[in-house]
1. Filter the range 31-56 down to residues that are closer than 15 Å to Glu15 by Cβ and hydrophobic (A, V, I, L, M, F, W, C), then give me how many there are.
2. Of all the residues that make up the range 28-43, how many are touching a Gly at 6+ places or on another chain (Cβ under 6 Å) and more than 9 Å from Pro67 (Cβ to Cβ)?
Amino acid sequence: MWLSGQQKRPADSGEGQTGVVTMDGGEMAVLLDCERRGLQVYSPGGYTWTPKVGQRVLVIQGQGEIPCVVGTRQGGDMPDRVAIKARQTVVQGDAVSIAAENGAVVKGGDVRLEGLVYVNGETLEELIARIVMMILAGLG
């Protein structure tokens, strides 16, 4: 049949394709020439991210390997969550960021937080209100 020959051909070894994420989380799936499931996500060392359903990603295939997701186009949708693990100090301009496995400290530069900020499972606003109430109770 004529249409059967019109499908995209599979990627050769090392050749990249873009596709759309159809499943995220435990089992990553991307729609390429057909839906590919069980893909691994690769990223720079120490950096972990999970593409979202509907996001366009770059998929490559090594020789004899399962295709893997290696990135997404910059300027597109931001991931819901990323994790960065390192034991080094990074200096960029006037800002110094010291990253550690159990947290990060920023000295110099600006830190801008948007949305809810949690401290040990409690929102920052709740924490501040609780501390103020403890201080006021001690003054009375």
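1. Matching residues across the range 31-56 total 1.
2. Qualifying residue count for the region: 1.
For (1) at pLDDT below 60; (2) assigned to a loop (DSSP other than H, G, I, E, B), each residue gets a yes or a no:
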{"residue": "Ala11", "(1), (2)": "yes, yes"}
{"residue": "Gln17", "(1), (2)": "no, no"}
{"residue": "Val30", "(1), (2)": "no, no"}
{"residue": "Gly45", "(1), (2)": "no, yes"}
{"residue": "Pro51", "(1), (2)": "no, yes"}
{"residue": "Gly54", "(1), (2)": "no, yes"}
{"residue": "Val57", "(1), (2)": "no, no"}
{"residue": "Val70", "(1), (2)": "no, no"}
{"residue": "Asp77", "(1), (2)": "no, yes"}
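The values are calculated or read from the model by the stated rules, or taken from the named source; none is laboratory data. As the structure is a computational prediction, the values presented were derived from the model and not from experiment. As a convention, Cβ positions derive from the backbone with ideal geometry for all residues, glycine included, and neighbour counts pool all protein chains shown.
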